[in-house]
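Remarks on the structure that follows.
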Amino acid sequence: MDLPNDLIAQPDVVLLDVNVNTRAAALRAVHTPLALVPGVNDEARFLRDLQERARVASVCIAAEVALPHARTSAVDRIVLGIGRLEAPGVAFDAEHPQVRLVFMIGTPKQQVEGYLKLVSSISRLLKTEGVRAGLLAAATEAEFRALLVRGAGA
């Protein structure tokens, strides 16, 4: 099993066209359904840890992409939720005023290597020709997920 690519190809949660106007609302919007998946053992702690990490340093990896994440005891396995925000997006920080894609990761504290591999795989996915634009333009969740599968090489 190739955990990073398998998880990207089949994330725990996919949300399209999330209508929010702040970073905090975007975090809550993706967190809420992600906190309900098997593997999350403390919904409130998971949200607090995500918010704390976002306060400490930028979670953006590109102009329109945020990667809020937490290494936390609130999860028993690596979980991934992906949200696409409605245009024009929301400001995550001064350098990233129009984030549209949010890749939310929760990782058990001891799974550092798995987390680093997942972040690397997400970065590669977003550099794959046409994938980022396709994710932003996908009309349906099935189309969005198909792009994830293709980009993950699954």
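Fewest first, what order do Ile61, Ile82 take by the number of other Cβ atoms within 10 Å? It would help to have the intermediate numbers written out before the result.
Details: Ile61 16, Ile82 23.
Listed from fewest to most nearby Cβ atoms, that is Ile61, Ile82.
Treat every Asp and Glu Cβ in segment 64-154 as -1 and every Lys and Arg Cβ as +1, leave all other atoms uncharged, and give the resulting dipole magnitude about the Cα centre to the nearest 20 debye. Could you put the intermediate results ahead of the total?
On the way: 11 positive and 9 negative charges, 63 e Å.
Using only the charged Cβ atoms, the result is roughly 300 debye.
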For the chain, build the charge dipole from Cβ charges (+1 Lys, Arg; -1 Asp, Glu) around the Cα centre, then report which of Pro33, Ala91, Ala138 sits farthest towards its positive end. Ala91
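Kindly provide the GluC sites (Glu not before Pro) of segment 114-154 that DSSP labels as loop, not H, G, I, E or B, and whose Cβ sees at most 15 other Cβ atoms within 10 Å.
Details: sites: Glu129, Glu141, Glu143; in loops: Glu129.
In loop regions of segment 114-154 (DSSP not H, G, I, E or B), the sparsely surrounded GluC sites (Glu not before Pro) are Glu129.
Relative contact order for the chain: what percent, with Cα pairs under 8 Å and sequence separation of 6 or more?
Values: 287 pairs, mean separation 44.3, N = 154.
Relative contact order here is 29 percent.
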Of Pro68, Pro38, Pro108, which has the largest mean-square fluctuation in a 10 Å C-alpha GNM of the chain? Pro38
Springs between alpha-carbon pairs under 10 angstrom, Gaussian network model over the chain: which of Val79, Val37, Val99 fluctuates most? Val37
Hey, of [x] 10.0; [y] 9.2; [z] 8.1, which did the structure itself give for mean projected area of the Cα convex hull in nm² when calculated? [z]
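Helix-only estimate, please: 222 nm mean residue ellipticity of the chain, summing -39500 (n - 2.57) across DSSP H runs of length 4 or more and dividing by its residues, to the nearest 500.
On the way: 6 runs with 68 residues, N = 154.
Value at 222 nm, helices only, nearest 500: -13500 deg cm²/dmol.
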First measure r as the distance between the Cβ atoms of Ala25 and Glu113, then evaluate 1/(1 + (r/R0)^6) with R0 = 25 Å and state the FRET efficiency to the nearest 0.05. 0.20
Quick check for me: using +1 on Lys/Arg Cβ and -1 on Asp/Glu Cβ, what's the dipole size of the chain about its Cα centre, in debye to the nearest 20? 240 debye
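No lab work stands behind these numbers, since they all come straight from the coordinates. Predicted, not measured: the structure shown is a model, and the values here were computed from it. Every residue, glycine among them, receives a Cβ derived from its backbone with ideal geometry; neighbour counts consider all protein chains shown.
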